[in-house]
Amino acid sequence: MNKPYSAACERNSGPILQAITPLLTRSHSLLEIGSGTGQHAVTFARQLAHLQWQTSDRAEYHPGILAWLDEAALPNVLPPLELNIGKSPWPQKQFDAVFTANTCHIMAWEEVEWMFAGVATLLVNEGRFCIYGPFNYAGQFTSVSNQQFDASLKQQAAHMGIRDIEKITALAEQHGMRLLDDVAMPANNRLLVLIK
């Protein structure tokens, strides 16, 4: 099949890789939640050869992810697990890192809560949970473009929208995690680094 392609993935993969590389030097196994096209998995795992990268997403995205994985033929990227937050069981194994990009604003808030509960069960102590995407601060948008993006999300579905960082950090604390770093990224995005 033709590989799916995301221009946004292509644009943001360099800055994300630069930000996560020093965070994952001691990690060995990483679960990616919402692997999407599979581009991030291939790009990051190629550079982070010490890390076993476990892809996951809803079943309908698996053929596209596998197309990227098959072409790259990297020994440290695993075929996708079926993970539909709130519906699928979580993997019965431990990871020392979890990564997700551009998921919190797509999911319903209840699904974000389920994601944090699930991550808390499979992340080892001192493990890192890295979340990439746009966030609001004190209920305020950080840019006009983020405000417009939020409006376009809500037009697609009422449950979507940019989340408040305060709600995310409170949710993390409920599940035994705390904010280790909040890194400014291009295009008004952030990389939140949580540690269990």
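FYI, it's all coordinate maths here, none of it is from the lab. This is a predicted model, so every value here is computed, not measured. Methodologically, a virtual Cβ is constructed for each residue, glycine included, from the backbone with ideal geometry; neighbour enumeration extends over all protein chains shown.
Remarks
- A residue that is in a strand (DSSP E or B) and surrounded by 13 or more Cβ atoms within 10 Å (Cβ to Cβ) occurs somewhere in the stretch 156-169.
- Residue pairs whose Cβ atoms lie under 8 Å apart, separated by 6 or more positions or on different chains, with the first residue in the stretch 17-33 and surrounded by fewer than 18 Cβ atoms within 10 Å (Cβ to Cβ) and the second part of a helix (DSSP H, G or I) and of a type in the set (S, T, N, Q), are L17/T43; L17/Q47; T21/Q47.
- Of the set (1) of a type in the set (S, T, N, Q); (2) closer than 20 Å to A7 by Cβ; (3) in contact with a Phe, Trp or Tyr (Cβ under 8 Å, 6 or more places away or on another chain), all apply to N76 but (2).
- On the stretch given as the stretch 4-27, residues that are over 22 Å from M115 (Cβ atoms) and of a type outside the set (S, T, N, Q) total 10.
- Test: residue in the stretch 166-187 that is over 30 Å from Q94 (Cβ atoms) and without any contact (Cβ under 8 Å) to a residue 24 or more places away in the chain: yes
- Near pairs, Cβ below 6 angstrom, 6+ apart or cross-chain, from the stretch 74-90 (under 17 Å from I106 (Cα atoms)) to any residue that is part of a loop (DSSP other than H, G, I, E, B) and not hydroxyl-bearing (S, T, Y): N84/R58
- Qualifying residue in the stretch 85-96 (condition: of a type in the set (A, V, I, L, M, F, W, C), in contact with a Phe, Trp or Tyr (Cβ under 6 Å, 6 or more places away or on another chain) and within 18 Å of T121 (Cβ to Cβ)): yes
- Among the residues of the stretch 139-149, those identified as crowded, with 17+ Cβ neighbours inside 10 Å and part of a helix (DSSP H, G or I) are N146, F149.
- Test for R190: is it within 14 Å of the chain's Cα centre (by Cα), in a strand (DSSP E or B), among the charged types (D, E, K, R) and more than 24 Å from R58 (Cα to Cα): yes
- Tabulated pairs, the stretch 53-69, first more than 17 Å from G118 (Cβ to Cβ), second in a helix (DSSP H, G or I) and polar (S, T, N, Q), C-beta under 9 angstrom, 6+ apart or interchain: W68/Q39
- For first residues located in the stretch 118-147 and closer than 15 Å to L180 by Cβ, partners that are among the polar types (S, T, N, Q) and part of a strand (DSSP E or B) and lie 6+ apart or on another chain with Cβ distances below 7 Å form the pairs I131/T100; Y132/N189.
- Residue satisfying all of: in the stretch 40-68; among the polar types (S, T, N, Q) and surrounded by fewer than 22 Cβ atoms within 10 Å (Cβ to Cβ); farthest from G14 (Cα to Cα) among these: Q52
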